[in-house]
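Structure record follows, encoded as structure tokens.
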Amino acid sequence: TDLALIRNFSIIAHIDHGKSTLADRLIQRTGGLSDREMSAQVLDNMDIEKERGITIKAQTVRLNYTAKDGLTYELNLMDTPGHVDFAYEVSRSLAACEGALLVVDAAQGVEAQTLANVYQSIEHDHEIVPVINKIDLPAAEPEKVRAEIEDIIGIDASDAVLASAKSGIGIDEVLEAIVTKIPPPKGMRDKPLTAMLVDSWYDPYLGVVILVRVIDGVIKKGLQVKFMQGGTEHLIDRVGAFTPKRVDLPELGPGEIGFITAQIKEVEQAKVGDTVTTVKGGATQALPGYKEVQPVVFCGLFPVDANDFEKLRESIGKLRLNDASFSFEMESSAALGFGFRCGFLGLLHLEIIQERLSREYDLDLITTAPSVVYRLTMTDGSVKELHNPADMPDPVKIAEMEEPWIKATIYTPDEYLGSILKLCQDRRGIQIDLTYIGGRAQVTYELPLNEVVFDFYDRLKSISRGYASFDYEQIGLREGDLVMMNILVNNEPVDALSMIVHRSQAEARGRGLVERLKELIPRHMFKVPIQAAIGAKVIARETISAMRKDVTAKCYGGDISRKKKLLDKQKEGKKRMREYGNVSIPQEAFIAALRMG
Ligand code: GTP
């Protein structure tokens, strides 16, 4: 395709502002699919994405659009994941485009994630086309939002397209704006091949499918290519694009986005951001911006029923086929038996994997407290990375302990600001900036990641009734006075409940935890002490008094069927318990332990 007729763009938006709905409209309008094939939100193709309304895997579609100037353009619409956990994938997708549609909800206005995404887009020198969506809503204030885009983001919004993706208003105007405002890509056909690996996923029929953006040169079937970062060589056996149906193409030329396959079995071999070039006469310099992504949040996943271990192993293996950023290794715990220590890009990523395991693979799981990665400098000078509290060495051998920090940007209506500042302060936050725009506040805090992984996001949403938005980036390691807190039930440490906390938070955390456990652990025939301790020092304690729980006593011996029902119910309850020493701990206790007030 003639470079002048190509437009590569992405859509940036805050969650729920209508990105997927608009993408669907663009596909429908350009005839990529018949009405019958047009299932709701074709771009979000995983069930969870549909249900939670978030985009996880980037997908790109090619649309052919005949513009008012009579020419037919090739539009490559790149869908980007909408969450901070996937910031690196987003950055590579953006690097493959020349422009972006900025979708802002006419009733909600600009929000934190809109800002984060738009700044990233500006960094990639994108031409930004503002689209004010949902103008059909009674609460829509398009003029106010137009002013907000100009004041807050600082781009010209005088000719922002007013649209309703839902009712199909303004769709032609969006398409014309893409063609007239976003510049075509640059590239040279007769230079050595350089293509950026934008995304990869596992397809049961094709093996690993790789999405590429060709910068220079041409990629076609039969070509022997190498991945410059990964260092592997592959024979291209298929080249094509999604319209969104998969179509095979003879080649992808400069400026084009499409897919290739090369009999690759694992996504791990096709790393996002890598450079694809030919083995013979290839490029000598890899594209900039490549990064090896590392999991930042770790937790243990254990089957509630120990017999499900093999099933869990298999299911985790299958998920991993499609997600190279998620890591796992076998782990055993005295309390929970055999399971896996898993690493994630962030909390949302953790939740997604956890949910897919329980939903798609029908697994009942216990999740241990999420932990960040600490760096330990030992007294002998060696350096260790710690991502499981169970591996914490003897504190006397640790010279220094560092924890990861983040910079968080929170955007909120004024009325919730007070509670939000308190939340950040309680979580050891350092306020960096506070500004007001209209009736809203934007506040920036530096926070230790370990204070955020527990329930920060849930708390933020609940104190702001869902109005506050949150975005973060990692800012490196800082020294912290961190200690290992053990929970002892009937005088025995329960490894799955151990956690690393800041000394100043330990007592409050410990107290909250033992109080909660007291409510959740049923009475036994003996007294059960529950303690939180740092080393040998007990910092909080509760005791569950002894009681024989005879559930059938209430039935006065008479009604046999009722008695049987109660016993069955009790048996059912037992299944979800973990025997620990001679104490039974219900599954809910482990989960509740993660929800700190
Ligand atoms: P993420 O995938 O979570 O980033 O969300 P999104 O930005 O893709 O939003 P999506 O397209 O899923 O739309 C969110 C909700 O807004 C859905 O319930 C849509 O039906 C609705 N919606 C989208 N566009 C419009 C619109 O123009 N008007 C109205 N009234 N509702 C809309």
Inset, instruction - Using Cα pairs closer than 8 Å and at least 6 residues apart in sequence, work out the relative contact order for the chain, in percent. - result: 10 percent
Legend entry - Cβ charges +1 (Lys, Arg) and -1 (Asp, Glu), total dipole of region 267-314, debye: 360 debye
Legend entry - Rg in Å to one decimal, and Dmax rounded to a whole Å, for region 268-341 via C-alpha atoms: 18.1, 58
Inset, instruction - Whole Å is fine, so just give me how far the alpha carbon centre of region 437-486 lies from that of region 300-323. - result: 30 Å
Inset, instruction - Normalising by the residue count of region 384-529, find the relative contact order in percent from Cα pairs under 8 Å and 6+ residues apart. - result: 26 percent
Legend entry - Residue (of S91, A147, N117) at the positive-pole extreme of region 78-189, dipole from beta-carbon charges: S91
Inset, instruction - Per DSSP H run of at least 4 residues, take -39500 (n - 2.57); add these up for the chain, divide by its residues and hand me the 222 nm value, nearest 500 deg cm²/dmol. - result: -7000 deg cm²/dmol
Legend entry - Principal axis dimensions, largest first and in whole angstrom, of region 338-401 by Cα: 47, 23, 14
Legend entry - Protein accessible area in region 150-222, 1.4 Å probe - carbon and sulfur %: 52 percent
Legend entry - Where the chain is the region considered: accessible area per residue in Å², 1.4 Å probe: 45 Å²
Inset, instruction - Specify the angular offset, from 0 to 90 degrees and rounded to the nearest 10, of the alpha carbon long axis of helix 503-520 from the longest principal axis of the alpha carbons in the chain. - result: 70 degrees
Inset, instruction - Compute the separation of the alpha-carbon centres of region 184-216 and region 238-283 and state it in Å as a whole number. - result: 4 Å
Legend entry - Whole-percent carbon and sulfur share, accessible surface of region 449-540, 1.4 Å: 47 percent
Inset, instruction - Give, rounded to the nearest 20 debye, the magnitude of the charge dipole that the chain has about its Cα centre when Lys and Arg contribute +1 at Cβ and Asp and Glu contribute -1 at Cβ. - result: 2220 debye
Inset, instruction - With a 1.4 Å probe and all protein chains in place, put L175, L287 in order of accessible area, largest first. - result: L287, L175
Legend entry - Solvent-accessible area, 1.4 Å probe, carbon plus sulfur percent, for region 263-305: 48 percent
Inset, instruction - Can you check what the Kirkwood hydrodynamic radius comes to for region 110-259, Cα pairs only, in Å to one decimal? - result: 18.4 Å
Legend entry - Between 0 and 90°, nearest 10: helix 171-181 axis offset from the chain longest Cα axis: 70 degrees
Inset, instruction - For the chain, give the share of DSSP beta bridges that are antiparallel, in percent and rounded to the nearest 5; count only bridges with both residues there. - result: 85 percent
Inset, instruction - Could you give the C-alpha radius of gyration of region 212-337 expressed as a fraction of 2.2 N^0.38 Å, taking N as the number of residues it contains? - result: 1.38
Inset, instruction - Enter the angle in degrees (range 0 to 90, nearest 10) between the Cα long axis of helix 417-426 and the first principal axis of the Cα atoms of the chain, meaning the one along which they spread out most. - result: 60 degrees
Legend entry - Cross-link pairs beyond the 26 Å C-alpha cut-off, checked among K181/K461; K271/K318; K181/K407; K134/K461; K68/K166; K186/K291: K181/K461; K181/K407
Inset, instruction - At most 14 other Cβ atoms within 10 Å plus a DSSP loop assignment makes a site exposed; report the longest stretch of the chain without any exposed chymotrypsin sites (Phe, Trp or Tyr not before Pro). - result: 206-525
Legend entry - Ranked order, M392, M196 - accessible area, probe 1.4 Å, largest first: M392, M196
Legend entry - Rg(Cα) / (2.2 N^0.38 Å) computed for the chain, rounded to two decimals: 1.09
Inset, instruction - Just the ratio, please: alpha-carbon radius of gyration of region 391-535 over 2.2 N^0.38 Å, N its number of residues. - result: 1.25
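The values are calculated or read from the model by the stated rules, or taken from the named source; none is laboratory data. All figures in this text were calculated on a predicted structure; none of them were measured in a lab. Positions of Cβ are generated from backbone atoms using ideal geometry, with glycine treated the same way; all protein chains shown enter the neighbour counts. Each accessible area value is taken on the protein alone, full model and side chains, heavy atoms only, with ligands, DNA and RNA left out. Shrake-Rupley method; radii C 1.70, N 1.55, O 1.52, S 1.80 Å.
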